[in-house]
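Input: a single structure, listed below in structure tokens.
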Amino acid sequence: MSMYNQVPAPIGGSAQSSNYPAQREPAKVETYALDDTEPTEYITQPEAVVATHSPAIVALLDGAYQYSEQGQYDMAAVKLERAVRISPRNPQVWHELAKIRMAQQQYEMAISLAKKSNLLAAGNRVLQRTNWLLIADSFNYLGQSSAANKAKIKAASLF
């Protein structure tokens, strides 16, 4: 039997499905209208795909955390700036960079970065609240107590 006369391997079949999040079936969510009509089905992204960071981002965040724990804020900022370049729509990365800028006493920059994080964190009330508290602290350091109080009110509204 030559190699050209061989039977190809079967495709699909009895093998178990993959555990990779990108290959999972999308979650199905039923919603009900207020007038008791039939439910409408919407397909959402699997939670595992939405909630995870890439390995590169995790490594950069971890490195930044280690540097910040040692008081090496410049090195932590370098790690986080790289993370921003890799994942510019990640609100957690922007928040972490805002914390570093605040530790470096760059309060205006910290406020700006926390606001950017809030823009990207739509629906993440915990992160938005944390950003508003960081903004309030930064305004306090700048001696702008009125703006700090407004930021605290916004943070309190996110409970």
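Quick notes on this one:
- Remark: pairs (first residue in segment 82-106, in contact (Cβ under 8 Å) with a residue 24 or more places away in the chain and farther than 14 Å from Lys116 by Cβ; second residue of a type in the set (Gly, Ala, Ser) and not in a helix (DSSP H, G or I); Cβ separation under 9 Å; 6+ apart in sequence or on different chains) = Ile86/Ser54; Ala103/Gly71.
- Qualifying position, being more than 22 Å from Val93 (Cα to Cα) and of a type in the set (A, V, I, L, M), among Ala155, Ala122, Ala147, Ala136: Ala147
- In this structure, Val126 does not qualify as surrounded by 16 or more Cβ atoms within 10 Å (Cβ to Cβ) and among the β-branched types (Val, Ile, Thr).
- Flag if Ala22 is at pLDDT 90 or above, more than 30 Å from Leu142 (Cα to Cα), over 14 Å from the mean Cα position of the chain (by Cα) and of a type in the set (Gly, Ala, Ser): no
- Residue count, segment 89-129 (criterion: within 17 Å of Lys152 (Cα to Cα) and β-branched (Val, Ile, Thr)): 2
The values are calculated or read from the model by the stated rules, or taken from the named source; none is laboratory data. Remember, it's a predicted structure, so these values are computed and weren't measured experimentally. Here Cβ is always computed from backbone atoms with ideal geometry, including for glycine, and neighbour counts include all displayed protein chains.
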